[in-house]
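*Asks:* Quick one: the structure is below, and I'll ask about it shortly.
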Amino acid sequence: VQLQASGGGLAQAGGSLRLSCAASGFTLDSYAMGWYRQAPGKQRELVARITRGGSTNYADSVKGRFTISRDNAKNTVYLQMNNLEPEDTAVYFCYAIERYVAYWGQGTQVTVSS
């Protein structure tokens with residue numbers, strides 16, 4: 001059972017990145033999914049989440065810039081990040097949760113230069 005996050009990297013302010021979180025060993029369609037991020041010296045922050053039915057929620061800091069989506073056929077969740085800001089620099093973690101079971105990805109670094 002594994003969540004594999006990818007797509008991080010270096011971007012300039014105003015640029016875009018798309019993170020992917022692919023599941024193996026289980027199917028995502030019965031799980032709520034989301035992304036957290038943690039910047040150095042800061043608490044972990046919930047960035048976005050998506051329910052099994054596709055309803056979404058976002059942190060105020062990313063509303064209008066980030067979009068979370070899921071493709072159950074590909075067993076993958078995405079985080080499209082547009083108009084990136086230096087404050088978005090962090091390690092991004094994906095998770096999957098169903099009642100009492102939760103899985104975490106290993107994290108992918110996003111660095112935004114000004």
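*Asks:* To the nearest 10 square angstrom, how much accessible area does Arg49 have with a 1.4 angstrom probe?
*Replies:* Spelled out: Arg49, probe radius 1.4 Å, area about 110 Å².
*Asks:* Something else: For an R0 of 35 angstrom, estimate the FRET efficiency from the Cβ-Cβ distance between Tyr100 and Gln12 and round to the nearest 0.05.
*Replies:* 0.25
*Asks:* Hey, if you put +1 on the Cβ of every Lys and Arg and -1 on every Asp and Glu Cβ in the stretch 1-97, which of Pro86, Gly25, Ser55 ends up farthest toward the positive end of that dipole?
*Replies:* Checked the options; the winner is Gly25.
*Asks:* May I pose another question? Please give me the summed charge of the neighbours of Asp88: other residues whose Cβ is under 11 Å from its Cβ, Lys and Arg +1, Asp and Glu -1.
*Replies:* -1
*Asks:* If you don't mind, there's one more thing I want to ask. Once the piece of chain linking Gln4 and Asp29 is laid out straight, how much longer is it, given 0.36 nm per residue of separation minus the C-alpha distance between them?
*Replies:* 7.4 nm
*Asks:* Suppose every K and R has +1 on its Cβ and every D and E has -1 on its Cβ; what is the size of the dipole of the chain about the Cα centre, in Debye to the nearest 20?
*Replies:* Computed about the Cα centre, the dipole is about 160 debye.
*Asks:* Keeping all protein chains in position, work out how much accessible area Val91 exposes to a 1.4 Å probe, and write it in Å² to the nearest 10.
*Replies:* The value for Val91 is about 40 Å².
*Asks:* So, in nm, how far is label Asn82 from label Leu46 when the simple model puts each one 7 Å beyond its Cα toward the Cβ?
*Replies:* 2.5
*Asks:* Quickly work out the Ala73-to-Ser55 label distance, labels modelled 7 Å from Cα along the C-beta direction, and quote it in nm with one decimal.
*Replies:* It works out to 2.6 nm between the two label points.
*Asks:* Another question, if that's okay. Mind grabbing the accessible area of Lys42 for me, 1.4 Å probe, Å², rounded to tens?
*Replies:* In the full protein context, Lys42 sits at about 130 Å².
*Asks:* Moving to a separate point now. Using only Cα atoms, what is the ratio of the radius of gyration of the chain to 2.2 N^0.38 Å?
*Replies:* Rounded to two decimals, the normalised Rg is 1.00.
The values are calculated or read from the model by the stated rules, or taken from the named source; none is laboratory data. These figures come from a predicted structure and were not determined experimentally. We place every Cβ from the backbone using ideal geometry, glycine too, and count neighbours over all the protein chains shown. We work out accessible area using only protein heavy atoms, side chains counted, and drop any ligands, DNA or RNA first. Shrake-Rupley method; radii C 1.70, N 1.55, O 1.52, S 1.80 Å.
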